[in-house]
1. Tell me which of these Arg37 doesn't satisfy, since it passes every other one: (1) buried (at least 17 other Cβ atoms within 10 Å of the Cβ); (2) farther than 22 Å from Val179 by Cα; (3) of a type in the set (D, E, K, R).
2. For residues that are closer than 13 Å to Glu213 by Cα and not hydrophobic (A, V, I, L, M, F, W, C), scanning just segment 1-20, find the one that is nearest to the ligand (Cβ to nearest atom).
3. Please find, within segment 21-58, the residue that is nearest to the chain's Cα centre (by Cα) out of those that are among the basic types (Lys, Arg) and within 11 Å of the ligand (Cβ to nearest atom).
4. Please give the number of the condition Ser165 fails out of (1) within 11 Å of the ligand (Cβ to nearest atom); (2) surrounded by 21 or more Cβ atoms within 10 Å (Cβ to Cβ).
5. Inside segment 170-220, can you point out the residues that are assigned to a helix (DSSP H, G or I) and within 10 Å of the ligand (Cβ to nearest atom)?
6. Mind checking which pairs have a first residue in segment 157-181 that is farther than 16 Å from Val112 by Cα and a second that is of a type in the set (Asp, Glu) and more than 16 Å from the ligand (Cβ to nearest atom), Cβ under 9 Å, 6 or more apart or different chains?
7. Taking segment 191-212, which residues are surrounded by fewer than 20 Cβ atoms within 10 Å (Cβ to Cβ) and touching a helix residue (DSSP H, G or I) at 6+ places or on another chain (Cβ under 6 Å)?
8. Considering segment 213-230 alone, what residues qualify as being without any contact (Cβ under 8 Å) to a residue 24 or more places away in the chain and surrounded by 11 or more Cβ atoms within 10 Å (Cβ to Cβ)?
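No value in this document is a laboratory result; all are computed from the given coordinates. All of these numbers come straight from a predicted model, not from anything done at the bench. All Cβ positions, glycine included, derive from the backbone under ideal geometry; neighbour counts span all protein chains shown.
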Amino acid sequence: MELKNKVILITGASGGIGAAAAQRLAGRGMSIALAGRNIKKLESVAEDCRTLGGVAEIFPGEITDENYTSGLPHAVKERFGGLHALFNNAGVFETGAFDQADISRWDDALDVNFRSLLHLTKAAIPYLLENGESAVINLSSIAGRMTFGGGGIYSATKHAVHAFSGCLFEDLRDRGLKVSTIYPGFVDTGMTSGVAGDRSHMIQPDDVARTLEFVLEFPSNACPTEIVIRPQFPL
Ligand SMILES: NC(=O)c1ccc[n+]([C@@H]2O[C@H](COP(=O)([O-])OP(=O)(O)OC[C@H]3O[C@@H](n4cnc5c(N)ncnc54)[C@H](OP(=O)(O)O)[C@@H]3O)[C@@H](O)[C@H]2O)c1
């Protein structure tokens, strides 16, 4: 799609990949709806977006709250006049072996990484389909394509995002809805602050933002449904 004046809702926009995506797309003239919990950080990202030439507003809330997610797409349409794309990016990193797991933390990770994504997507679809072409881009992970010891609930939720995305594409491709999933390895954000290694070798948040831009601008007759991103050099 032509990006200028189109509207995208980005979850997890208060930092990391979500903030980088907001800034990149604001620079292309998109209107950005920023979702997340941390109001101060969201406001700072919104200010950056405006400086870059985009229009941006914050829509703070707890993504596991169904009252919030069910009303969010409507609130975005009220503010911007439409909704063309949804970037399901919010997530938490919960790892560890199952025999030592705090199951309530695993439930929380399931709620943030997968259940909320389902609920928000469901609420957004009627608004997205009002346009001739629209897109849902889901942030999975390389952990959504492989399993590893200690991968815990994180890998399972990201596999769930992978499976859901493929099915959603099949369900709505004939209505012009692109569904694309991005599977990055380690990205240099707060989420990986505990990961050892050379951070300059990690994928940078703007690398993922560029991938999102690529998907949004892809010709309307085709959809890059799955994109894996790996660091070029080992950490
Ligand atoms: N970093 C990596 O290596 C990597 C690799 C592959 C995939 N990913 C995925 O990329 C996505 C973005 O992660 P990131 O690396 O940018 O990490 P991040 O900087 O920690 O960002 C996570 C975002 O999710 C939001 N969030 C978390 N829990 C939430 C909740 N309950 N309600 C509302 N928002 C919530 C946070 O917003 P608030 O703090 O404002 O609530 C924050 O903006 C995640 O889905 C992650 O799994 C990351």
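1. Of everything listed in (1) buried (at least 17 other Cβ atoms within 10 Å of the Cβ); (2) farther than 22 Å from Val179 by Cα; (3) of a type in the set (D, E, K, R), Arg37 misses just condition (1).
2. Gly18
3. Arg37
4. Looking at each condition in turn, Ser165 falls short on (1).
5. Matches in segment 170-220: Gly190, Met191, Thr192, Pro205, Val208.
6. Going by the 9 Å Cβ cut-off, the qualifying pairs are Gly176/Glu133; Leu177/Glu133; Leu177/Asp171; Lys178/Glu133; Val179/Glu170; Val179/Asp171.
7. Asp206, the sole residue that qualifies.
8. Selection gives Phe214 alone.
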